[in-house]
Amino acid sequence: MPDRWRSAVPDDWPRLVDGHCHPVSSEDLPDEAFVGYLGGHAAVDAMSGVALRRWCSPVIDLEPHASLEAYLERRRALGADEVNRRLLSRAGVSDLVVDEPTGTDVAATVAAADARSHHVVRLEDLAERLLADGTEPGALADAVRVALDEDGAVAATTLAGVQAAAVPGLTAGPMLGTHPPLDATFAELAAGAEPAERREDPRWHTWLAFAALDAGLPLQVPLGHVLAHGGPVLGDPRAIVPFLRASADRGAAVVLVNPYPHHQVAAVLARAYPHVHLDLGRITRAGGDLSARVVADVITVAPFSRLLYASDGFGIAEHHYLAAVLFRRALGGVLHELVVRDEVDRATSDRIIRATSRDNAMRVYGIDGSDDGR
Ligand SMILES: [Zn+2]
């Protein structure tokens, strides 16, 4: 591996646009909470633990490969604010597209990252908030449309895939149908069901998903290995092929968020449908340098214009930093190998890097490019 890949952030790499992430905690976390955010002891005992000790240790003044115990001790000594500032500001990210669960505060994360932030609207939360604020069920459809127009979000996200975890036997497929229900049906659901019942009704998610697309908002569909209700949910994008086909002519992008371990299927779908994009979020930070294989699998098939960088970082800044470092190492390493083999010329390699790191996300999310990314 050339020297270029030995450093955490090559200085000639364009600054990243993080297409899907969440805020980090500003609190000094107890060790168990930190390990929990990391993914539990199973994650420590896997490539994600290796990558944490290798790449995050030097950022908090430890030698690479420091023990987890030493890492936790040094993290406590520095405090969350300083750790967050170091990790986020050194990730080399210019823009964060933030999915902000209710009750979290994005301001501290954005300030620590020294980045611009862009807001993602959670469709199901938006509808419930409008109802809670007194919107009549019969007026909800129009109120959602107005809110989507005025919200200022660069994307919408549906919890259909995650919610499917709560319903035994369901995946995101049945949760996203092929035809938006009538406004009257949407109003009936708003009037007649409890919030928990609505969330188990595919019509609810489908109406909202199409409303977002019709408002011109790209739709993020989280699919990946979500842990919910005590078990893993392996959201297979094959399950939403009918939805992808039905949404192809709506003029807005659909982004398959974190499709691992079904990334090859997602890559094929991006090849098949011009509006389908995929991001490589959680896996590049969880898989360490082995995630280069995942990146290679994806770009074996997927058009380069449909691949987005995203950290899917949440809770701890280590996620955001590791994703940024490991995505560059994975993609950079794969392309370097292709250049060495004279399969790809340097200019094409640079173009792919710039597209997947930055330009594709700016195009999909409509982020202006006044910052040139260096
Ligand atoms: Zn996420």
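The values are calculated or read from the model by the stated rules, or taken from the named source; none is laboratory data. Keep in mind that what you see is a predicted model, and the values were worked out from it rather than measured. Cβ coordinates were reconstructed from backbone atoms using ideal geometry, including for glycine residues, and neighbour counts include every protein chain displayed.
A compact table of results
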item: Yes/no for Asp342 being buried (at least 24 other Cβ atoms within 10 Å of the Cβ) and assigned to a loop (DSSP other than H, G, I, E, B); result: no
item: Verdict on Ala266 being more than 17 Å from His319 (Cβ to Cβ), outside any strand (DSSP E or B), within 16 Å of the ligand (Cβ to nearest atom) and of a type in the set (A, V, I, L, M, F, W, C); result: yes
item: Answer residue from segment 167-183, given it is in a loop (DSSP other than H, G, I, E, B) and modelled with pLDDT of 80 or more and is farthest from Leu223 (Cα to Cα) among those; result: Leu182
item: Subset tally (residues that are over 17 Å from Leu217 (Cβ atoms) and modelled with pLDDT under 95) for segment 241-253; result: 2
item: Selection count where residues are more than 15 Å from the ligand (Cβ to nearest atom), buried (at least 24 other Cβ atoms within 10 Å of the Cβ) and not polar (S, T, N, Q), scope segment 284-301; result: 2
item: Considering residues of segment 302-326 that are of a type in the set (Ser, Thr, Tyr) and out of contact with any His (no Cβ under 6 Å at 6 or more places or on another chain) only, the residue farthest from the ligand (Cβ to nearest atom); result: Ser305
item: Given (1) assigned to a loop (DSSP other than H, G, I, E, B); (2) surrounded by 24 or more Cβ atoms within 10 Å (Cβ to Cβ), number of the condition Ala361 does not satisfy; result: (1)
item: Filtered residues of segment 32-56 (kept if in contact (Cβ under 8 Å) with a residue 40 or more places away in the chain and closer than 15 Å to Leu290 by Cβ); result: Ala43, Ala46, Met47, Ser48, Val50, Ala51, Leu52, Arg54, Trp55
item: Output for segment 293-327, where each listed residue is under 20 Å from Val364 (Cβ atoms) and charged (D, E, K, R); result: Arg306, Asp312
item: Single match in Asp249, Asp345 (criterion: over 29 Å from Asp11 (Cα atoms) and free of Cβ contacts under 8 Å to residues at least 12 places away in the same chain); result: Asp249
item: Where Phe304 falls short, out of the listed (1) under 25 Å from Pro64 (Cα atoms); (2) surrounded by fewer than 24 Cβ atoms within 10 Å (Cβ to Cβ); (3) not small (Gly, Ala, Ser); result: (1)
item: Extreme residue, farthest from Leu213 (Cα to Cα), among residues of segment 101-134 that are within 16 Å of the ligand (Cβ to nearest atom) and small (Gly, Ala, Ser); result: Gly103
item: Residue within segment 79-91 that is under 18 Å from the mean Cα position of the chain (by Cα), closer than 15 Å to Gly313 by Cα, surrounded by 14 or more Cβ atoms within 10 Å (Cβ to Cβ) and polar (S, T, N, Q) present; result: no
item: Which numbered condition Asn258 misses (of (1) within 16 Å of the ligand (Cβ to nearest atom); (2) modelled with pLDDT of 95 or more; (3) on the phi > 0 side of the Ramachandran plot); result: (2)
item: Candidate set: segment 212-240, residues that are at pLDDT below 90 and assigned to a helix (DSSP H, G or I); chosen: the one surrounded by the fewest Cβ atoms within 10 Å (Cβ to Cβ); result: Arg238
